[in-house]
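Student: Got a structure for you, questions after.
The values are calculated or read from the model by the stated rules, or taken from the named source; none is laboratory data. The structure presented is a predicted model; accordingly, all values stated were derived computationally and were not measured. Quick reminder, even Gly has a Cβ in these numbers, built from the backbone with ideal geometry, and neighbours come from all protein chains shown. Keep in mind that these areas ignore ligands, DNA and RNA; they rest on the heavy atoms of the full protein, side chains included. Shrake-Rupley method; radii C 1.70, N 1.55, O 1.52, S 1.80 Å.
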Amino acid sequence: MPLIEAVPNLSEGRNLPLLHRLGRRLRQTPHVRLLGLDPNPCAHRTVFTLLGEPDALLEALFDLFSQAAQHLDMRVQHGAHPRLGAVDVCPLVPLQGVSLPQAAAYARALGQRVGQELHIPVYLYEAAATAPERKNLAFLRRGEYENLAGKLQKLPPDFGPHTFTPSVQKTGATVIGARPILIAFNINLNTTDVLPAQVIAARLRESNGGLKGVKAIGWYMENFRRAQVSCNITDFHAAPLARVFETCQRHAAQLGLQATGCELVGLAPLQALLQAGRHYAPAQRSPRALLQAAANGLNLNEVKPFDPQEQILEIKAGLAAY
């Protein structure tokens, strides 16, 4: 059976009744499973994780875009996380029986429908991008929502309106694409000062000569009372979780601080956690023991409980036993 993971990120992390209502709608779509719903009120963002057969998944995603357009208003939205629109980004990740080029074709089909029927500006990125410079999400999101009016003129979207209409003022724009699996991985610092987190993030980023496969920003999370280095790990083989954490620890120590623990946002691939477990407990062989070693070594329980059955993609999806 062909399966695609979708990870739509909504620019809403505080209206829990709305978010859970959207979750219930997604659960009602045949052949689609809602694996995760991870809101963050300080980031003002929620990560949904869906798994499904391609055609059914596209229907569920289109409905989510439609609901977000009705209920979210970017004119009053502010949070710690960079964003361009109500559904800020929606990547499709091929998991089983689907190639990356096929996933990109599905992303383009979704983008065309969202642009034409919902009148939302759509930028295509990663494997679905229409130009090399458009592959990079950070490039497309530069200036964020506040500069969208000018962006639509200087960098026309691939689908949807090219002008900042009243409708677009409410919905903002969206970025849709296809990519390999990514891990959202936040590292906690023992400070409330955001500046050290920003300095460390800059040192970690591949674009600055840091770790290959790492994108990072620094922010302060009021709900955790911690500054965090927020990482997107695009290649966990090149940048294993333990290496990212230990590199962050070294940079923090140089600033007189400590990197005390980590947080997974959304779902992470099983192999990434087993890899971390083998780093911290090389004598272990049992997958369960390795997952426990990873949780201990990365201190994944520091700001909220880590549950392998809820946060590891293959286990949550029923593709691997626990």
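Student: Sort LYS151, LYS215 by accessible area with a 1.4 Å probe, largest first.
Tutor: Details: LYS151 25, LYS215 80 Å².
Largest accessible area first, the list is LYS215, LYS151.
Student: Let me ask something else. Among the lysines in the chain, how many pairs, 8 or more places apart or on different chains, have alpha carbons under 30 Å apart?
Tutor: 17
Student: Let me ask something else. Running a GNM on the chain with Cα contacts under 10 Å, which residue among ALA56, ALA276, ALA69 ends up with the highest mean-square fluctuation?
Tutor: ALA56
Student: Using alpha carbons only, how many degrees (0 to 90, rounded to 10) separate the axis of helix 16-27 from the longest principal axis of the chain?
Tutor: The helix 16-27 is inclined about 80 degrees to the chain.
Student: Of all beta bridges DSSP finds with both residues in the chain, what is the antiparallel percent, to the nearest 5?
Tutor: Details: 41 of 51 bridges.
Within the chain, antiparallel bridges account for around 80 percent of the total.
Student: Enter the mean projected area of the convex hull around the alpha-carbon atoms of the range 45-196, in nm², rounded to one decimal. Please list the in-between numbers first.
Tutor: Values: hull surface 39.4 nm².
Directional mean of the projected Cα hull area for the range 45-196 stands at 9.9 nm².
Student: Next up: Between Rg and the Kirkwood Rh of the range 126-216, both from Cα atoms, what is the Rg to Rh ratio? Don't skip to the answer; put the middle values down first.
Tutor: Values: Rg = 16.1 Å, Rh = 15.6 Å.
Here Rg/Rh amounts to 1.04.
Student: Please compute the net charge surrounding THR49, taking Lys and Arg as +1 and Asp and Glu as -1 over other residues with Cβ under 11 Å from its Cβ.
Tutor: Values: positive: ARG33, LYS316; negative: GLU5, ASP38, GLU310.
Cβ neighbours under 11 Å give a net charge of -1.
Student: Hey, rough spin-label estimate for ASP235 and SER286, points 7 angstrom out along Cα→Cβ, what's it come to in nanometres?
Tutor: 3.5
Student: Would you mind counting up the charge near GLY85? Only other residues with Cβ under 10 Å from its Cβ, with Lys and Arg at +1 and Asp and Glu at -1.
Tutor: Values: positive: ARG83, ARG141, LYS170; negative: ASP88, GLU144.
Residues near GLY85 contribute +1 overall.
Student: Next question, about the same structure. At a 1.4 Å probe, what is the % contribution of carbon and sulfur to the accessible area of the chain?
Tutor: Details: 6900 of 13500 Å².
Here it works out to 51 percent.
Student: How many times 2.2 N^0.38 Å is the alpha carbon radius of gyration of the chain? Let's see the in-between values first.
Tutor: Numbers: Rg = 19.0 Å, N = 322, 2.2 N^0.38 = 19.7 Å.
Here the answer is 0.96, to two decimals.
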